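S.K.: Dropping the structure in here first, questions after.
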Amino acid sequence: MSPRRALALVAFSACTAGAQGVPEGKLAAVGEVAFGPEDVAGVQAQLGAYAQLRFGGEGAAALLMALVDAEVLAQEALAQGLGDDPRVWYAVLEELAALHLAAELERRVPRAAVAADRAALQAAYDADTTAFVLPQRRAAAGVVFEHWREAEDALAAVQSGAVALESLGALVTTPLQARDDGEFPGFHPTLFDPSLQVGELLPRPVVLGERLLVGRLEQDEPATRRAFDDPAVQEQLVERVRAPRVQAATAALLESLPRP
């Protein structure tokens, strides 16, 4: 079991005391080993001033996750007879080193500062006009048939004006969906024909699951770009703008480390 998968089985601080597998007063358990607030505090005490602030409060959950990851690695190693293998302890140290690195990069390139840099975010938004776009979505309404012959005959009758589509049977409406010819090769190429207008009949029966639909284009939502202030867009923009800054900060940090 990988450490990350093991985390899914671990109860964190939100767990009530006495929860199965987590002793009362503890925050998480890995096998026979349980971690409590004192263990998290012990790790915090080893961090620098900024990191102690960064991983205090709600941030303490990240420290707890690191402790759990390290313990899962150690227990797996012992179970495989690798208890004396230096690589095991190297892996444990890697967990804590990753935490220290995250804290240092957050200090050098605070996420909040990037989020507040509206000019940089706006520039990133304007620079890529193809990003943050919600694709065109369409929906069809029609009557479902089991066999090609009856579906073709029904469509011909509607096209001739002899009957109305609604008179063929119960009308069903598909959900609005973006085009996916790979998933719906017998449906979407017809539904998303650019020449097809809302209210017009689909020119042929289309495959819908294991049946056939004789129908019309019911709804058409054009592609739209999400607004700059959309929270999801802001989150992506912060990641875009921060990434090269973090990369530069990482390079500067590595350059500043003493060389052997």
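The values are calculated or read from the model by the stated rules, or taken from the named source; none is laboratory data. Computed from a predicted model, the values in this text were never measured in an experiment. All Cβ positions, even for glycine, are placed from backbone atoms using ideal geometry, and neighbour counts span all protein chains on display. With ligands, DNA and RNA removed, areas are computed over all heavy atoms of the protein, side chains included. Shrake-Rupley method; radii C 1.70, N 1.55, O 1.52, S 1.80 Å.
S.K.: Excluding ligands, DNA and RNA, what is the solvent-accessible area per residue of the range 148-256 at a probe of 1.4 Å, expressed in Å²? Let's see the in-between values first.
M.R.: Details: 6400 Å² over 109 residues.
So the range 148-256 comes to 59 Å² accessible per residue, rounded to a whole number.
S.K.: When you take every Cα atom in the range 146-243, what is the radius of gyration, and what is Dmax, the widest Cα pair distance, in Å?
M.R.: Expressed in Å, the Cα Rg and Dmax of the range 146-243 come to 18.7, 63.
S.K.: Using mean Cβ contacts within 10 Å as the protection proxy, how do 200-212, 60-72 order, highest first?
M.R.: 60-72, 200-212
S.K.: Can I ask one more? Return the carbon/sulfur percentage of the accessible area of the range 144-213, one whole number, probe 1.4 Å, all protein chains in place.
M.R.: It is 52 percent, rounded to a whole number.
S.K.: On the accessible surface of the range 218-260, probed at 1.4 Å, how many percent belong to carbon and sulfur atoms? Please report the intermediate quantities before stating the final value.
M.R.: On the way: 1700 of 2960 Å².
Solvent-exposed carbon and sulfur of the range 218-260 make up 57 percent of the total.
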